[in-house]
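Here the structure comes first, spelled out in structure tokens, and everything after it is commentary.
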Amino acid sequence: MTDLAIAANGLRKSYGEKAVLDGVDLAVPEGTIFSLLGPNGAGKTTTVQILSTSIPADGGTVQVAGHDLARRPDDVRGAIGVTGQYSAVDKLLTGEENLLLMADLWHLSRRDGKRKAAELLERFALVDAAGKTAQTYSGGMQRRLDLAMTLVGDPRLIFLDEPTTGLDPRSRRSMWQIVRELVAGGVTIFLTTQYLEEADELADRIALLDHGRLIAEGTADELKRLIPGGHIELTFAASHLLDAARDVIGAGIADPEALTLRVPSDGSVRAVRDMLVALDGRSIDVAEMSVHTPDLDDVFLTLTGQQKEATR
């Protein structure tokens, strides 16, 4: 059985009479990317603050990196790293100085601190800017430096709270590649993001939080199949094949001019296989096939009732 980097049961947090988290259960396997999505005010940041020991929970049990969150918070802090949407970089220091400062906070020797800083500057393509103050860095460079500072302590689990907010598409994709490399090296990533494309691109599993409760969880494909609107589009080389396919399948909308048949489907492997087997049994050749499923925008809108603009 895969070990869990995070195991939370019945997590609760209230401010006055307002319940921000109302019995949240989380299970995050080690070496994976887990993304927590939700509209503004859903409880995402509160969840990260509790799991990273910034604030206490009102109820529930939590294990983080194998340590009991309530009883051994110092051990939890020693095993995690946190990179928030607001950079912890000191802009008056150089990139190298920021990393050396983190090394001092982790009580590394001067020699080990310099070695670690050099390694991270190289890894995050910041060598040429190492001697420049961080205020001269682009947004993408500052985010890379911020994450590099988090890695000085060699965390097993990293909380990334909206790490690419405000970055241009190129910088965002560069950050995605860094995240993938971290996970390939055995690090676990707990990601909150306002970009649904980011969760779709990166996450092994996604949980949707709304009004303090988890309302859905699964892979991106599993979540997309929760709502209607998916279909399979088949293209044929001749009109008689299109007509025959429509008779065999018994459903769908045909376009005689484009020689296509659009069949409602959840897009699952079984659904596609059963359809192709039925057509093959009648010697009906399919020239092209494409599977269309709702995207995470559609899932978010349907399950939370929020407008898509609120997620961007």
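The numbers here are math on the coordinates, done by the rules we state, and not lab data. Since the model is a prediction, treat every value here as computed from it, not as a measurement. No Cβ is skipped: glycine too gets one built from the backbone with ideal geometry, and neighbour counts run over all protein chains shown.
Calculate, in whole percent, how much of the Cα-Cα pair population of segment 5-87 lies beyond 17 Å.
The proportion of pairs with Cα distances above 17 Å equals 45 percent.
Sort Ile284, Ile232, Ile215 by Cβ crowding within 10 Å, fewest neighbours at the top.
By the 10 Å Cβ count, ascending, the order reads Ile215, Ile284, Ile232.
If each residue's Cβ is checked for other Cβ atoms within 10 Å, how do His107, His211, His67 rank with the fewest at the top?
His107, His211, His67
On a full-extension model of 0.36 nm per residue, what is the gain between Asp154 and Asp104, subtracting their alpha-carbon distance, rounded to one decimal in nm?
16.6 nm
How many angstrom separate the Cα center of segment 210-227 from the Cα center of segment 288-303?
Rounded to whole Å, the Cα centres lie 13 Å apart.
Tell me, what ³J(HN,Hα) does each residue in segment 258-263 have, in order and in whole Hz, if you take phi through Karplus 6.51 cos²θ - 1.76 cosθ + 1.60 with θ = phi - 60° and put x for Gly and Pro?
Values, residue by residue: 8, 6, 10, 10, 9, 10 Hz.
What does the net charge come to around Arg156 if you take all other residues with beta carbon closer than 14 Å to its beta carbon, with K and R at +1 and D and E at -1?
-3
Evaluate the charge dipole of the chain about its Cα centre and quote only its size in Debye, nearest 20, assuming +1 on the Cβ of each Lys and Arg and -1 on the Cβ of each Asp and Glu.
Working: 33 positive and 46 negative charges, 212 e Å.
Dipole magnitude for the chain comes out near 1020 debye.
Residues with amide H under 5 Å of Ala70's amide H, sequence separation 5 or more or different chain, H placed in the peptide plane at 1.01 Å from N; which?
Val62
When N counts the residues of segment 91-136, how does its alpha-carbon radius of gyration compare numerically with 2.2 N^0.38 Å, as a ratio?
1.06
Between Ser290 and Asp168, how many nm apart are label points set 7 Å from Cα along the C-beta direction?
Each label point lies 7 Å from its Cα, and together they span 3.0 nm.
Set the Förster distance to 35 Å, then compute FRET efficiency between Lys91 and Ala184 from the Cβ-Cβ distance, nearest 0.05.
With R0 = 35 Å, the Cβ-Cβ based efficiency is 0.70.
Out of every Cα pair in segment 1-159, what percent are spaced more than 20 Å from each other?
Percentage above 20 Å: 56.
How high is the relative contact order of segment 195-266? Use alpha-carbon pairs under 8 Å, at least six apart in sequence, and give a whole percent.
It rounds to 25 percent for segment 195-266.
Using θ = phi - 60° and the Karplus curve 6.51 cos²θ - 1.76 cosθ + 1.60, what whole-Hz ³J(HN,Hα) does each residue of segment 194-206 get, with Gly and Pro shown as x?
Values, residue by residue: 9, 9, 5, 4, 5, 5, 4, 6, 9, 6, 6, 9, 10 Hz.
Taking amide hydrogens as modeled 1.01 Å from N in the peptide plane, which residues meet the under 5 Å criterion relative to Ala130, leaving out close sequence neighbours?
HN-HN under 5 Å from Ala130: empty list.
Take Arg273 and Ile253, extend 7 Å from each Cα along the Cα→Cβ direction, and tell me the distance between the two endpoints in nm.
For the pair Arg273/Ile253, the computed spacing is 3.0 nm.
Putting +1 on Lys and Arg Cβ atoms and -1 on Asp and Glu Cβ atoms, find which of Ala117, Gln194, Leu241 reaches farthest to the positive end of the dipole of the chain.
It is Ala117.
Taking amide H positions as placed 1.01 Å from N in the peptide plane, with prolines and chain starts having none, which residues 5 or more places from Leu4, or on another chain, fall under 5 Å of its amide H?
Close amide H contacts, sequence-distant or interchain: Glu30.
Only four residue types carry charge here, +1 at the Cβ of Lys and Arg and -1 at the Cβ of Asp and Glu. Report the dipole size of segment 80-149 about the Cα centre in Debye, rounded to the nearest 20.
The calculated dipole for segment 80-149 is roughly 80 debye.
Please give the contour-minus-distance gain from Glu222 to Arg123: 0.36 nm per residue of separation, less the Cα-Cα distance, rounded to one decimal in nm.
32.2 nm
Over the alpha-carbon set of the chain, divide Rg by the Kirkwood Rh and report the Rg/Rh ratio to two decimals.
Details: Rg = 24.0 Å, Rh = 22.0 Å.
For the chain, the value is 1.09.
Once the Cβ-Cβ distance between Asp25 and Asp74 is put in as r, and R0 is 22 Å, what FRET efficiency do you end up with, to the nearest 0.05? Display every interim value, and only then the final one.
Details: r = 25 Å, r/R0 = 1.14.
Once the sixth-power term is evaluated, E becomes 0.30.
Tell me which of Tyr137, Leu108, Gly10 sits at the most positive position along the dipole axis of the chain, charges placed on C-beta atoms (Lys, Arg +1; Asp, Glu -1).
Leu108
Give the shape of segment 231-292 as rounded, prolate or oblate, defined through the alpha-carbon gyration tensor: a ≥ b ≥ c are the square roots of its eigenvalues, a/c under 1.5 means rounded, and otherwise the shape is prolate if a/b is larger than b/c and oblate if not.
Here segment 231-292 falls in the oblate category.
Calculate the dipole size of segment 230-312 relative to its Cα centre from +1 charges on Lys and Arg beta carbons and -1 charges on Asp and Glu beta carbons; express the result in debye to the nearest 20.
200 debye
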